[in-house]
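The values are calculated or read from the model by the stated rules, or taken from the named source; none is laboratory data. These numbers were taken from a predicted model, which means no experiment stands behind them. In this analysis, Cβ positions are derived from the backbone assuming ideal geometry, glycine residues included, and neighbour counts consider all displayed protein chains.
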Amino acid sequence: MIFEKIHTVPTSDELIDKAFKRASRAKSGKTIIGRGTALKAEESMILTSANVLSDNLANIVRRFPDFDQLPRFYYELADILVGIDKLRMSLASVDWASGKIHDIAREHVGKMRKTRQPALVRKEAFGRMASIMGSINKNLILLNDARNVLRKLPEVNDEHTIVVAGYPNVGKSSFVSSVTGASPEIAPYPFTTKGVSIGHFFRNDERYQVMDTPGLLDRAMSERNEIELQAITALKYLDAAVLFIIDASETCGYLIADQKHMLDEVRQHFELPILVAANKSDLPEFHQLDFVDMNISTATGDGIDEVLDRLVEMIRDTGSMDNKLEKI
Ligand SMILES: Nc1nc2c(ncn2[C@@H]2O[C@H](COP(=O)(O)OP(=O)(O)O)[C@@H](O)[C@H]2O)c(=O)[nH]1
Ligand SMILES: [Mg+2]
């Protein structure tokens, strides 16, 4: 997973504590009696603590992904969830602090050689380093919060995807399990309680990912707030086609007119190709509808193969993967 590499981001206090502890160990390693050992010991305290701080900060920055290299889908979600600009600024501050601490160490080691009281200079260096660390604590906290959020992003592979949409109880989950066999994996998704469920199937030796989106593409867009809309919009950056399922028997409890309305909204909202399937063709209440592309029954399996063939064609026709996975 893209954000897995990011470890817990420590606070300033935790880092200072670690650095100063290591520094005192470095000092005790150097207390052999003799001329110049006091100086050496104080010097190694400064250098050790500066290295610990500086390296830890640099590692924090390094473990965050390069946002410019993220697939667009993840970039959009990360931006909605934590704000990429804020993240970039915090990373820049941490990077700055990492360099600054090195400068302080160098400066004070030089100063120490010209003084008879190296311990005082070392204390001064510690004070400056602690103050730099204090100034970036808010950034470290922001990065840790971001890390905790980003880790929960769904594991959506950069592969051909079919996004299943439609009102509740139209048969979305039934469709996903009938085409993917085993029970799908559930991946958390921003602003949904149920997450997205993801299964796979193969067609002509190629793997396709089927994604059910309970809570996302299952009610009117007009009921959505801005952030939910963005979370939905991120889907359009997948290499995907949408399967919009209509319950043409209306046994789901939603009128065909309302379902068609949502279909129109989804059409307006996405540039992705959309296939419209009328489900529950096995039921006597089933209506033949002129605005759908195909009739299916997930209960009997009627029409399912044809739907998959058509979706695979649509994805192929929308161009190459590279096109859709364009980096920003
Ligand atoms: N008769 C019939 N019932 C179906 C069909 N597809 C789904 N259902 C039923 O419709 C209900 C809702 O299905 P589900 O897949 O959970 O819908 P979702 O909420 O869109 O995921 C369930 O009771 C299914 O058994 C179908 O093709 N025919
Ligand atoms: Mg469902």
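Key figures
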item	result
Top-ranked residue in the range 148-164 [being within 30 Å of Val312 (Cβ to Cβ) and of a type in the set (A, V, I, L, M, F, W, C); ranked as modelled with the lowest pLDDT]	Val156
Condition check for Lys114: more than 16 Å from ligand 1 (Cβ to nearest atom) and without any contact (Cβ under 8 Å) to a residue 24 or more places away in the chain	yes
Yes/no for Asp293 being over 25 Å from Ile186 (Cα atoms), touching a Lys or Arg at 6+ places or on another chain (Cβ under 8 Å) and more than 16 Å from ligand 2 (Cβ to nearest atom)	yes
Where a residue in the range 168-184 is over 21 Å from Asp282 (Cα atoms) and its partner, wherever it lies, is in a helix (DSSP H, G or I) and more than 9 Å from ligand 2 (Cβ to nearest atom), with Cβ under 9 Å and at least six apart	Ser183/Ser177; Pro184/Ser177
Residues being in contact with a strand residue (DSSP E or B) (Cβ under 8 Å, 6 or more places away or on another chain) and either modelled with pLDDT of 90 or more or within 16 Å of ligand 1 (Cβ to nearest atom) (or both) - total across the range 215-248	12
Criterion (closer than 21 Å to Tyr254 by Cα and charged (D, E, K, R)) met by exactly one of Arg203, Arg219, Arg207	Arg219
Residues within the range 164-197 that are more than 10 Å from ligand 1 (Cβ to nearest atom) and under 20 Å from Glu265 (Cα atoms), tallied	2
From Asp95, Asp85, Asp79, residue being away from ligand 1 (no atom under 16 Å from the Cβ) and within 30 Å of Pro214 (Cβ to Cβ)	Asp79
Filtered residue count, the range 60-71, keeping only those that are free of Cβ contacts under 8 Å to residues at least 24 places away in the same chain and over 15 Å from Val82 (Cβ atoms)	2
Where Asn148 falls short, out of the listed (1) within 18 Å of Val196 (Cβ to Cβ); (2) polar (S, T, N, Q); (3) away from ligand 1 (no atom under 16 Å from the Cβ)	(1)
Verdict on Ile315 being surrounded by 17 or more Cβ atoms within 10 Å (Cβ to Cβ) and either within 16 Å of ligand 2 (Cβ to nearest atom) or modelled with pLDDT of 95 or more (or both)	no
Helices (runs of 4 or more DSSP H) within the range 97-215 that include 3 or more residues more than 14 Å from ligand 2 (Cβ to nearest atom) and either over 28 Å from the mean Cα position of the chain (by Cα) or farther than 19 Å from Glu76 by Cα (or both)	118-135, 137-150
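Okay, residues lined up against (1) outside the structural domain of Ile315 (by TED's automatic domain parsing); (2) under 17 Å from Gly195 (Cβ atoms); (3) assigned to a loop (DSSP other than H, G, I, E, B):
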{"residue": "Asp218", "(1), (2), (3)": "no, yes, yes"}
{"residue": "Glu228", "(1), (2), (3)": "no, yes, no"}
{"residue": "Phe244", "(1), (2), (3)": "no, no, no"}
{"residue": "Tyr254", "(1), (2), (3)": "no, no, yes"}
{"residue": "Asp258", "(1), (2), (3)": "no, no, no"}
{"residue": "Val266", "(1), (2), (3)": "no, no, no"}
